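Taken together, the values in this text are just the output of simple stated rules run on the coordinates, not laboratory data. No experiment lies behind these values; they were computed from the predicted model shown. Using ideal geometry, Cβ is built from the backbone for each residue, glycine included, and neighbour counts are taken over all protein chains shown.
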Amino acid sequence: MQTLLDQFMGYITVERGLSLNTCQAYYRDLQQHFNYLKQRGTGIPDTDQRLLVEYLGQLKHSGLGMRSIARHLSSLKVFYRFLRAENHIKQDPTLNMETPKVWKKLPHCLSVKQVENLLSQPDTSQPLGLRNRAMLEALYASGMRISELLGLKLNSLNLEMGYILCYGKGAKERIVPIGAQASEWLKQYLSLSRPPLVKKRNSDQLFVNRFGKPLSRQGCWKVIKGYAARAGIEGVAPHALRHSFASHLLEGGADLRSVQLMLGHADISTTQIYTHTRQEWLQQIYKQFHPRA
């Protein structure tokens, strides 16, 4: 099973060009599936739809949510489809299995005032504080995912023209505009904060930690969470600034297609979830100002 998994990981990494985070998610899901097969005393060639249904049922019984179960099934479908295409198995046991429908949760968006409060938390007189302010400003100004932000290189920036070149899911390249305020904070970080952090290291990574090494996702999330707590903002998720970016653009009158392109969504239906938050905002405006609300 490990050999087949290694071949599959090579396929999704090289041929399909999936991101590191996506590949790691596939790996974890399939390792859990393999452990189940070992417990049952069976192997991949003997796996059928009945066994997979029992496996998904066990995941549900263990308390896993429907969204996570749907992701597990998606991993199994891609894996067994690969095995069938490579003639490792005679039939794909996932062929007629439908992915369970899951409710789309409305993203938690911060208000403009909350965002401003969050952005003002770092102590910009310190190198790390200036780095953190530049990171927060870049996240809110561009709507990038944290993984995209941390993957930026020095040559990803064109601050004079006001855009960033980033790589999203599936190694898809896109150009994201960035505002004047974020550009100014990034310039300050590059000139005042990054040199003492990098020191003599030959690194082209944009955001680095105190040792001059690439900043990790966990490190970045810890920074955001800490500042949110200091600002008295509860329930902040890693994508809070990304969600707020999209919501505030739509509230300001931006069209859905433009927001889709800036977020890097392959399907506009993913972007449409933000229209619900805009409707809530419009209802609040209506109740506040209409004489018969």
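Which three numbers, in whole Å and largest first, are the semi-axes of the equivalent ellipsoid of segment 169-265 derived from its Cα gyration tensor as √(5λ)?
Those come to 27, 19, 14 Å.
Taking segment 2-85 as the region of interest, what is the percent of Cα-Cα pairs per 10 angstrom bin, listed from the shortest bin to the one with the maximum distance?
Each 10 Å bin holds this share of Cα pairs: 16, 54, 28, 2.
In nm, to one decimal, how far is the Val198 label point from the Leu51 one, both placed 7 Å along Cα→Cβ?
Going by the 7 Å Cα→Cβ label model, 5.2 nm.
Beyond a 19 Å Cα-Cα separation, which of these cross-linked pairs lie in this structure: Lys77/Lys172; Lys113/Lys225; Lys153/Lys213; Lys113/Lys222? Before the final figure, lay out each step's value.
On the way: Lys77/Lys172 23 Å; Lys113/Lys225 17 Å; Lys153/Lys213 13 Å; Lys113/Lys222 22 Å.
Violating the 19 Å Cα-Cα cut-off are Lys77/Lys172; Lys113/Lys222.
Hey, how many Å between the Cα centroid of segment 178-225 and the Cα centroid of segment 11-51?
Between the Cα centres of segment 178-225 and segment 11-51 lies a distance of 36 Å.
From the C-alpha coordinates alone, can you work out the Kirkwood hydrodynamic radius of segment 131-203, in Å?
One over the average 1/r among Cα pairs gives 12.6 Å for segment 131-203.
Quick check on the chain: helices-only [θ] at 222 nm, where DSSP H runs of length 4 and up contribute -39,500 (n - 2.57) each and the sum goes over total residues. Nearest 500, please.
-17000 deg cm²/dmol, from helical runs alone.
Which length gain, in nm to one decimal place, applies between Gln272 and Gln91 when the Cα-Cα distance is subtracted from 0.36 nm times their residue separation? Numbers along the way, then the final one.
Numbers: separation 181, 0.36 × 181 = 65.16 nm, distance 3.70 nm.
Result for the pair: 61.5 nm of gain on full extension.
When the chain is treated as a GNM, springs tying every alpha-carbon pair under 10 Å, which of Ser62, Ser111, Ser191 comes out with the largest mean-square fluctuation?
Comparing Ser62, Ser111, Ser191 in the GNM, the peak value goes to Ser62.
What's the longest uninterrupted piece of the chain once you rule out the GluC sites (Glu not before Pro) that are loop residues per DSSP with at most 11 other Cβ within 10 Å?
1-97
What Rg and what Dmax come out for segment 1-140 when only alpha-carbon atoms are used, in angstroms?
Considering segment 1-140 through its Cα atoms, Rg and Dmax are 21.0, 64 Å.
Give me D for segment 36-102 in µm² s⁻¹, whole number, from Stokes-Einstein with Rh from the Kirkwood sum over alpha-carbon pairs, 10 °C and 1.306 mPa s.
128
Could you compute how fast the chain diffuses translationally, taking Rh as the Kirkwood radius over C-alpha pairs and applying Stokes-Einstein at 10 °C with viscosity 1.306 mPa s? Give it in µm² per second.
Translational D for this selection: 73 µm²/s.
Place a +1 charge on the Cβ of each Lys and Arg in the chain and a -1 charge on the Cβ of each Asp and Glu, then give the dipole magnitude about the Cα centre in debye, rounded to the nearest 20.
Values: 39 positive and 22 negative charges, 112 e Å.
With Lys and Arg at +1 and Asp and Glu at -1, about 540 debye.
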